[in-house]
Amino acid sequence: MNIKEELIESQTLYRGRVVTLRIDTVKLPSGRTARREIVEHRGAVAIVPMLDEDTVLLIRQYRQAVGEVLLEIPAGTLEPDEPPDTCAQRELEEETGYQSHQIRKLFSQYLAPGYSQEVLHVYLAEELTRTRPQLDEDELVELVPTPIDQIAEMILQGTIKDSKTIAGLLMTLRLKGR
């Protein structure tokens with residue numbers, strides 16, 4: 001069964017610091033045309049930092065898009081041509097003030113493939129050593145060391161509701177046998 005769409009035309013409507021918005025006109029397998037709104041994004045990383053075997057380091061941060069303070073794992077956008085592994089180490093230190101001596105990629109995921117091509121690479125960071133946070137001037141975060149055994153209940157209760165955080169933490173719980 002042919003379900004692939006053929007691109008006919010692409011028009012950029014907005015180009016910003018973080019995202020670009022374009023409208024694609026596509027030809028469907030039936031021969032009809034449709035429009036697709038696409039958000040372009042360079043990609044990002046997210047890191048599950050383990051302070052020790054029993055404690056994960058979350059951050060509390062206000063998110064204007066949803067109008068709420070959220071508990072999240074540290075994350076950030078890739079710089080142009082920056083490898084995800086490099087970005088993960090950089091973002092971990094910038095947002096938390098820790099470096100990892102053992103960092104490994106857990107998985108990559110599309111965040112919202114219905115309208116965005118952004119790929120998020122998720123890492124597990126262990127063997128942390130303290131350095132100094134280097135937050136961007138528009139970033140305000142609070143470090144929240146959290147017992148790993150409380151994570152599943154926090155997700156179920158809606159205390160943690162950010163999707164990248166939920167996915168990264170659940171994979172970490174599975175890997176740790178919790």
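General observations
- Residue within the range 44-51 that is at positive phi and either assigned to a strand (DSSP E or B) or surrounded by fewer than 11 Cβ atoms within 10 Å (Cβ to Cβ) (or both) present: no
- Of all residue pairs spaced 6 or more apart or on separate chains, those with beta-carbon atoms under 7 Å, a first member in the range 3-23 that is acidic (Asp, Glu) and a second member that is in a strand (DSSP E or B) are 5/26; 5/27; 6/26; 6/27; 9/25.
- Residue match in the range 80-89 (condition: buried (at least 21 other Cβ atoms within 10 Å of the Cβ) and over 25 Å from residue 149 (Cα atoms)): yes
- When residue 143 is tested against (1) more than 16 Å from the chain's Cα centre (by Cα); (2) not in a strand (DSSP E or B), exactly one condition is not met: (2).
- Scope the range 62-78; condition closer than 13 Å to residue 160 by Cβ and touching a helix residue (DSSP H, G or I) at 6+ places or on another chain (Cβ under 9 Å); matching residues: 70, 71, 72, 73
- Among residues of the range 157-178 that are crowded, with 17+ Cβ neighbours inside 10 Å, those with a beta-carbon under 6 Å from a residue that is among the charged types (D, E, K, R) and not in a helix (DSSP H, G or I) at least six positions away or on a different chain give the pairs 162/72; 165/72.
Taken together, the values in this text are just the output of simple stated rules run on the coordinates, not laboratory data. Values in this document were obtained by computation on a predicted structure and should not be read as measured data. Quick reminder, even Gly has a Cβ in these numbers, built from the backbone with ideal geometry, and neighbours come from all protein chains shown.
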